[in-house]
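One structure is given here, and the rest of the page talks about it.
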Amino acid sequence: MIVALGALLAFVWANTYGESYFRFARALSFAVNDVGMTFFFALMTKEVVEATVPGGVLHTWRRVMLPVVAAVGGMIGAVLAYVAFLQLGDEASVLARGWPVACATDIAFSVFVARTIGKRYPAIPFLLLLGITVDALSLVIVEVQFPIADVHASGAALVAVAIGASVALRRYRVRSFWPYLLIGGVASWFGFYLSGLNPVLALVPIVPFLPHAARDPGFFVETPPGFRDALSQFEYAWKYPVRLALFLFGIVNAGVLIRGSGTGTSAVLVAALVGKPLGILAAVALAVVAGLHLPHRVAWRDMVVVAITASIGFTFALFFATAAFPLGPVLIEVKIGALLTIAGALVAIGTAAMLRVGRFAHH
Amino acid sequence: MRRRVAILLLLLTPRGWRAFAQDLANRPGSVKFAVIGDNGTGERPEYEVAQQMAAFHAKFGFDTVIMLGDNMYGSQKPQDFVDKFEHPYKALLDAGVRFYASLGNHDDQTNRSYKLFNMGGERYYTYVKNNVRFFVLDTDLLDSKQLAWIEAALKDSSDEWKICYFHHPLYSDGRTHGSQIDVRVVLEPLFVKYGVNVVFSGHDHVYERIKPQKGIYYFVSGAAGQLRKGDVKRSELTAAAFDQDQSFMLVEIDGRDLQFRVISRTGQTVDSGAIKR
């Protein structure tokens, strides 16, 4: 929600005092997008690492299989719809590279919507896994496809050194997260940067080496006080700076001009709100035919609601937009599409009411 | 129709020709070029504007046309290059006029390799005509490499006139798109710092002349094929505007003087003026 608050502020600012807004956004862009958001992705990685311990939602592959299939199906559906939309309008060009924007799922936002549909909605773990897979795959593709600079081999070597240092720290049972961050993290950031990759993912290969709790405190659940392991300490120390980073991310990236919409806006919306849910449902149907089962207490109508909820790209869609497109009007039209995927929330809640799932079910 | 005939007759009269000759000196050795933007529809208005250009070329022998992007709408297959570019501008191409394109949001990025667009396979490039250096940018994808390039190119240029052109306008009163402020905050400081004199853009399907901003003259000329009738919302920025028909520009630079004339699809002069360095 904090991104949405920043986004709202940015939208108003950009459309009233545009010149000062864009100067401000440009001045802060590097600090927020390439440094501050590194910690956001580190905390996301922390959630995934903890989810792999016993009791975590990612602990067994069997549970993961269906959401992964659904995620791949969702991405294929989004990409096909995006490309088809452009082709139908005979739009070749520059917009073609924007397909990852339509693939994104704002995990926190979509889970918030799912919890609105039902506090203990049984499809939530499925949605989480789906979101993580979609974003992880898209992040990797975006990193490789859109390098931010020319590639230097020294960068890869530096990342290897960073990982080696983190392994050593773990072996020597260093319990504070600071050495991991200051040695491994800093070296990894510069390694990514020199490699031409977006350094925002620099802490992703480092976080798994931080000693963590023996059990998962809960997916996207704030770690309760008292956990003394390095990963929990890392979360305690960085959760407020990350919130600030997210707020600033909304401000820096969501300032779009009201008249800036275009073909890219519609392409992202159609791909995210139509192509992606259809792709998810088609993939799940195929998987069920092949022998996989729907999660416990999750029916097909829940799956429809989940597929629509996963279309909310918002924060991640904005992030992919800034990675895929440099400054310019094309970026703005795609960003508008990314922001408007928030409409998926209303569609999901409306569909839930129509299909009588979650809080709308008759008891 | 009657108005169109009247204008045509006026142009053919000695009086009409004098009026034309007065605002464009048509001096031998001067730099003469035409400006078109958002032209590549392949539809009748594009052909009609091209016919006007050819008619004026007979009297005002420009050897260059600068293209402000959206040189090609819709399908961009080989036949489209014929229908949307080579046919409409055949007379000019046959006369040896060279077109120098910039890319717009509707252009396929690979069009930069199309020989008759003279882009040398580059999204952004520069070329010189006598004392005038042109800088062509791709505002679709204004990446850091391009920004570093334009800064270095402007810095290195000691040419008397520096003219930049690209698709998206830094200043525009077009209702549909308007000023591209995000691009402006990046490019304008460079233009001011390195003494750019004139900037041409398209994107809004109208003609507009902007009052000089920080010493730079800005023109929007995005109606050489497309048109958004009545799209200009005049503001304190507007020096002149025309949004009732398609249009193109003719420009002449002789020494320290630049003269321009804006001509509608029917051959009517809808704006003209001079800029002195």
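The values are calculated or read from the model by the stated rules, or taken from the named source; none is laboratory data. No experiment lies behind these values; they were computed from the predicted model shown. In this analysis, Cβ positions are derived from the backbone assuming ideal geometry, glycine residues included, and neighbour counts consider all displayed protein chains.
For the reader, a short list of remarks on this structure follows.
- Matching residues in the stretch A:1-27 - criterion: being farther than 14 Å from A:Ile332 by Cβ and away from every other protein chain (no Cβ under 13 Å): A:Met1, A:Ile2, A:Val3, A:Ala4, A:Leu5, A:Gly6, A:Leu8, A:Leu9, A:Val12
- Residue satisfying condition, being within 19 Å of the chain's Cα centre (by Cα), modelled with pLDDT under 95 and surrounded by fewer than 19 Cβ atoms within 10 Å (Cβ to Cβ), within set A:Thr52, A:Thr45: A:Thr52
- Here B:Arg175 fits the description: more than 19 Å from B:Ile66 (Cβ to Cβ), out of contact with any helix residue (DSSP H, G or I) (no Cβ under 6 Å at 6 or more places or on another chain), within 12 Å of chain A (Cβ to nearest Cβ) and surrounded by fewer than 18 Cβ atoms within 10 Å (Cβ to Cβ).
- Against the test of being within 14 Å of chain B (Cβ to nearest Cβ), farther than 30 Å from A:Leu355 by Cβ, out of contact with any Lys or Arg (no Cβ under 9 Å at 6 or more places or on another chain) and at pLDDT 90 or above, the options A:Gly184, A:Gly98 yield a single qualifying residue, A:Gly98.
- Looking at B:Val192, B:Val220, just one residue is closer than 25 Å to B:Val31 by Cβ and surrounded by 23 or more Cβ atoms within 10 Å (Cβ to Cβ), and that residue is B:Val220.
- The stretch A:154-189, residues that are closer than 13 Å to A:Ala230 by Cβ and among the β-branched types (Val, Ile, Thr): A:Val174
- Subset of the stretch A:96-112 [part of a helix (DSSP H, G or I), out of contact with any Leu (no Cβ under 7 Å at 6 or more places or on another chain) and either buried (at least 24 other Cβ atoms within 10 Å of the Cβ) or without any contact (Cβ under 8 Å) to a residue 24 or more places away in the chain (or both)]: A:Gly98, A:Trp99, A:Pro100, A:Val101, A:Ala102, A:Cys103
- Among residues of the stretch B:128-148 that are within 8 Å of another protein chain (Cβ to nearest Cβ), those with a Cβ under 6 angstrom from a residue that is surrounded by fewer than 21 Cβ atoms within 10 Å (Cβ to Cβ) and of a type outside the set (S, T, N, Q), sequence gap 6+ or separate chain, pair up as B:Leu141/A:Pro326; B:Leu142/A:Pro326; B:Asp143/A:Pro326.
- Exactly one residue among A:Leu294, A:Leu273, A:Leu286 is among the aliphatic types (A, V, I, L, M) and part of a loop (DSSP other than H, G, I, E, B), and that residue is A:Leu294.
- The residues of the stretch B:179-205 that are away from every other protein chain (no Cβ under 14 Å) and either in a loop (DSSP other than H, G, I, E, B) or under 21 Å from B:Val251 (Cβ atoms) (or both), listed by number, are B:Phe191, B:Tyr194, B:Gly195, B:Val196, B:Asn197, B:Val198, B:Val199, B:Phe200.
- Filter pass, B:Glu46 being away from every other protein chain (no Cβ under 14 Å) and crowded, with 22+ Cβ neighbours inside 10 Å: yes
- Residue tally, condition in a loop (DSSP other than H, G, I, E, B), more than 13 Å from chain A (Cβ to nearest Cβ) and on the phi < 0 side of the Ramachandran plot, over the stretch B:64-101: 6
- Yes/no for B:Pro169 being within 11 Å of chain A (Cβ to nearest Cβ) and not in a loop (DSSP other than H, G, I, E, B): no
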